Amino acid sequence: MADPTVLPAPRHAHIDVAKGIGIALVVLGHGWWLFDSRPRLLDVITSFHLPIFLFLSGVLLRPGRSWATFAAGRAQALLKPYFTVLLALAVAAVALRGQRFADRAAAMLYGNGETLTWIPMWFLPYTWLVMLATYWLIQRRAVTGHAAVRTALLLALAWGGALAVPLAWDLPVSLFGQEIVVRGLPFSVDLVPIGCFFMLLGYALRVYVLADTGRWVRIACWAAPAMFLAWHALVPASLDLNLRRYDDPLLSTVAALVGIAGTLAAARALARAPGLGPMLGYLGKASLFILIFHQPVQAAAWQALHPSLGTPGAALLAWLAGLAVPTLFFAAAGRIAPLRALLLPAPRTAGPDAQRN
């Protein structure tokens, strides 16, 4: 997700646009009513709409700070809004619905998509864990050594991480004499290996992803969309990290990678488009807020509009509302001191571990 911390390093417009495309697809994919008769289209979206954020986070990682300092900074950006919003929801649930605070607190601390009322928020603590693990690997020079070692590590993370995705899903365990069914581990730690693959790959390819010119960049921009369309026309494999779905260790990973490449190619083209480029770029900057707040906005808009507009019209307007309302809230949070203190990371001086994007 976009980090709203203001740092002096120059922004890369196509990275913001790629985030904007990604978050627009996240919101579109959560409009489940649109895909009842189009499950294949939803599979295409879920195959890469979260991996691309992990990949881009890796592109923008810059080692140099201590691991503890980095962890604290990422907690400011990801865990502070997570706990702020969920604590507010817990207090409201206790006051208005008579729910037990202990139950809401337990769900918040477990922190995966099966325990949270606003399901998409599971991605915040998960991304924090993946960033910490990836940063630790980078500090150990995991991707700066011999090419064979680097490749072996990435392949091990990809293959092992893919195989691990469903292991903690619908898992019967005995806890204090009671039989329970586990559906994902706390903070989705069971998904950390596959997340590290995408993030570490982004870090390894950062020079090429951030490059603005060059023959290979132009070739990739032409080839990636064609590869994306051809792959999804021929191969049905997909993935859904929240639901612990990973159809095939190789085919699903390739589906995510061609989706990432296609999005980056589209972002480079759209970044130069008047109007559309800046709009998508701003959505990218607001992507953290959109991730947090789009679900209730989109659902409320759908319920209000569907009786009068039918499925297509209501789905379109609900999707737009799910993007627009959180984006306005993001803009307001930057200008209202209490919201800024509760939801945005504290201002800090520039460091080598991250760029403005």
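The values are calculated or read from the model by the stated rules, or taken from the named source; none is laboratory data. Quick caveat, the model's predicted, so the values are computed rather than measured. Cβ: placed from backbone, ideal geometry, glycine included. Neighbour counts: every protein chain shown.
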For the range 42-84, the count of residues that are over 19 Å from Phe289 (Cβ atoms), outside any helix (DSSP H, G or I) and touching a residue at least 24 places away in the same chain (Cβ under 8 Å) equals 7
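Rundown of residues vs (1) touching a Phe, Trp or Tyr at 6+ places or on another chain (Cβ under 7 Å); (2) among the small types (Gly, Ala, Ser); (3) more than 25 Å from Ala233 (Cβ to Cβ); (4) modelled with pLDDT under 95, yes/no style:
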residue	(1), (2), (3), (4)
Arg11	no, no, yes, yes
Asp16	no, no, yes, no
Pro51	yes, no, no, no
Ser57	no, yes, yes, no
Which listed residue is surrounded by 18 or more Cβ atoms within 10 Å (Cβ to Cβ) and more than 21 Å from the chain's Cα centre (by Cα), from Ala142, Ala152, Ala226: Ala142
Checked against (1) modelled with pLDDT under 95; (2) within 27 Å of Leu250 (Cβ to Cβ), Arg141 satisfies every condition except (2)
If you scan the range 122-153, which residues turn out to be free of Cβ contacts under 8 Å to residues at least 60 places away in the same chain and β-branched (Val, Ile, Thr)? Thr144, Val149, Thr151
Does His232 count as surrounded by fewer than 22 Cβ atoms within 10 Å (Cβ to Cβ), in contact with a helix residue (DSSP H, G or I) (Cβ under 8 Å, 6 or more places away or on another chain), in a helix (DSSP H, G or I) and not acidic (Asp, Glu)? yes
For the range 157-168, pairs from a residue that is among the β-branched types (Val, Ile, Thr) to a residue that is not in a loop (DSSP other than H, G, I, E, B), with Cβ under 7 Å and 6 or more apart or across chains, are Val165/Leu191; Val165/Ile194; Val165/Tyr246
Return only the number of the condition from (1) touching a helix residue (DSSP H, G or I) at 6+ places or on another chain (Cβ under 7 Å); (2) part of a loop (DSSP other than H, G, I, E, B); (3) closer than 30 Å to Thr84 by Cβ that Glu114 does not satisfy. (1)
Considering residues of the range 31-41 that are assigned to a helix (DSSP H, G or I) and under 18 Å from Leu316 (Cα atoms) only, the residue modelled with the lowest pLDDT: Leu34
First in the range 92-111 and farther than 24 Å from Leu129 by Cβ, second anywhere and charged (D, E, K, R) and in a helix (DSSP H, G or I), Cβ under 9 Å, 6 or more apart: Ala93/Asp103; Ala93/Arg104; Val94/Arg104
